[in-house]
Amino acid sequence: MPPVVDQYPLGSYQANCYVIRAERGAADAAVVDPGAEPAQLRLEIARSGARCAGILVTHTDVDHIGGVAELAAGTGAEVWCPKDEADVLRDPASTPRGGGVQPYEPEHLVDDGDEIVLAGVTFEAVAVPGHSSGHVAYAADGMLFSGDVLFAGSVGRVDLPGGDWETLLASIRRLVDRFPPETIVYSGHGPPTTLGDELERNPFLAELRVR
């Protein structure tokens, strides 16, 4: 059985936070990108009968890290953050991408290829820069938590500091080449999709369809 994924669009940006358990009813949960409303998120996790066993950050935009510090402090969970964006989590006011967020010193720095075992689920970090310079996605059991790299019908913006279109496209090409088309993409905004559907239909990926 694949892990159980619950999706919570949080805050004014409705950025998706994901709570992942090895199975329904499991006591531990991994949380990806708690961007806002940490108190409500803690309540939802508690209602499911689970506890937050660890926090994974895909990138350090304000709408993806806004609840990290409070959730970590309130649960005792450790935080995994992309190594090239950890300075933003430590000092969010240093960049417009993280302004207004409570700072946090991550316990773990994530690099490409790292394996992280949380809540009975093994996640592999995959470097996917382009939306931001140090962005990572987390792959696990036929699923990909892609942050703001790839959405259903769209892709991440590249007009903020650290963004670059060619780099973003190369990152998506890497995902398409590496993972099967049926891989479920849990994006930072909007509904889930699959890599195959996006390669076939996403208007921003037209040049990836020319092989």
For this session: Report, by residue number, each residue of the range 45-64 that is within 28 Å of residue 159 (Cα to Cα) and either buried (at least 24 other Cβ atoms within 10 Å of the Cβ) or touching a strand residue (DSSP E or B) at 6+ places or on another chain (Cβ under 7 Å) (or both).
Result: 55, 56, 57, 58, 59, 60, 61, 63, 64
Exercise. When you scan the range 48-76, how many residues do you find that are touching a helix residue (DSSP H, G or I) at 6+ places or on another chain (Cβ under 7 Å) and assigned to a loop (DSSP other than H, G, I, E, B)?
Worked result: 5
Problem set entry | Matching entry among 210, 185, 158 (being of a type in the set (A, V, I, L, M) and closer than 26 Å to residue 121 by Cβ) | 185
Exercise. In the range 25-44, which residues are in a helix (DSSP H, G or I), among the hydrophobic types (A, V, I, L, M, F, W, C) and surrounded by fewer than 22 Cβ atoms within 10 Å (Cβ to Cβ)?
Worked result: 39, 43
For this session: Please find, among 158, 176, the residue that is part of a loop (DSSP other than H, G, I, E, B), of a type in the set (A, V, I, L, M, F, W, C) and surrounded by fewer than 22 Cβ atoms within 10 Å (Cβ to Cβ).
Result: 158
Seminar exercise, completed: Picked from the range 10-24 (must be in a strand (DSSP E or B) and without any contact (Cβ under 8 Å) to a residue 60 or more places away in the chain), the residue farthest from residue 80 (Cα to Cα) is 10
Problem set entry | Residues of the range 89-125 classified as surrounded by 22 or more Cβ atoms within 10 Å (Cβ to Cβ) and outside any loop (DSSP other than H, G, I, E, B), total | 6
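Just so you know, all these numbers are worked out from the coordinates, no wet-lab data involved. What you are looking at is a predicted structure, and each value in this text was computed from that prediction instead of being measured. Counting neighbours? That spans all protein chains shown, and the Cβs are built from the backbone with ideal geometry, glycine included.
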